[in-house]
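Just below is one structure, and these are the notes that go with it.
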Amino acid sequence: MAEKKSQPESMRIQLKGLRSTQEMRAMLHDAINRLEDLGITHLRGTNLYVTPADKHGSPVMPRQHRRKVTSIIIEEPYRSAADEHGI
């Protein structure tokens, strides 16, 4: 019988409250700083779920070319030529 692979352990990061995108950016930086304080140097498989809202907290659904935007996928960070060559 094939052995069942266990799921890797993960950590939950919860960013509470109605925030502007600028405030959310600062909160994400705070979360990363806390990870680094714990000695974590690398991450993988990060999922971030957000609820778009107007300034009063009412839900909104962004649209682009008349279609709902339900996901944004960032494949990997930009790597400079210096990074690629270890400079």
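Structure data summary
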read-out: Conditions (1) outside any loop (DSSP other than H, G, I, E, B); (2) free of Cβ contacts under 8 Å to residues at least 12 places away in the same chain; number of the one not met by SER6; value: (1)
read-out: Failed criterion for ASP30 (all others in (1) free of Cβ contacts under 8 Å to residues at least 24 places away in the same chain; (2) of a type outside the set (S, T, N, Q); (3) in contact with a strand residue (DSSP E or B) (Cβ under 8 Å, 6 or more places away or on another chain) hold); value: (3)
read-out: In the range 11-57, residue nearest to the chain's Cα centre (by Cα) [restricted to those that are in a loop (DSSP other than H, G, I, E, B), under 21 Å from ILE72 (Cα atoms) and hydroxyl-bearing (Ser, Thr, Tyr)]; value: THR46
read-out: Yes/no for ARG66 being surrounded by 10 or more Cβ atoms within 10 Å (Cβ to Cβ) and among the charged types (D, E, K, R); value: no
read-out: Which numbered condition MET61 misses (of (1) within 30 Å of GLN7 (Cα to Cα); (2) aliphatic (A, V, I, L, M); (3) touching a strand residue (DSSP E or B) at 6+ places or on another chain (Cβ under 6 Å)); value: (1)
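Every number here is computed from the coordinates shown, using simple stated rules; none is lab data. Please read all numbers here as calculations on a predicted model, not as lab measurements. Cβ sites come from the backbone with ideal geometry, for glycine too, and all protein chains shown count toward neighbours.
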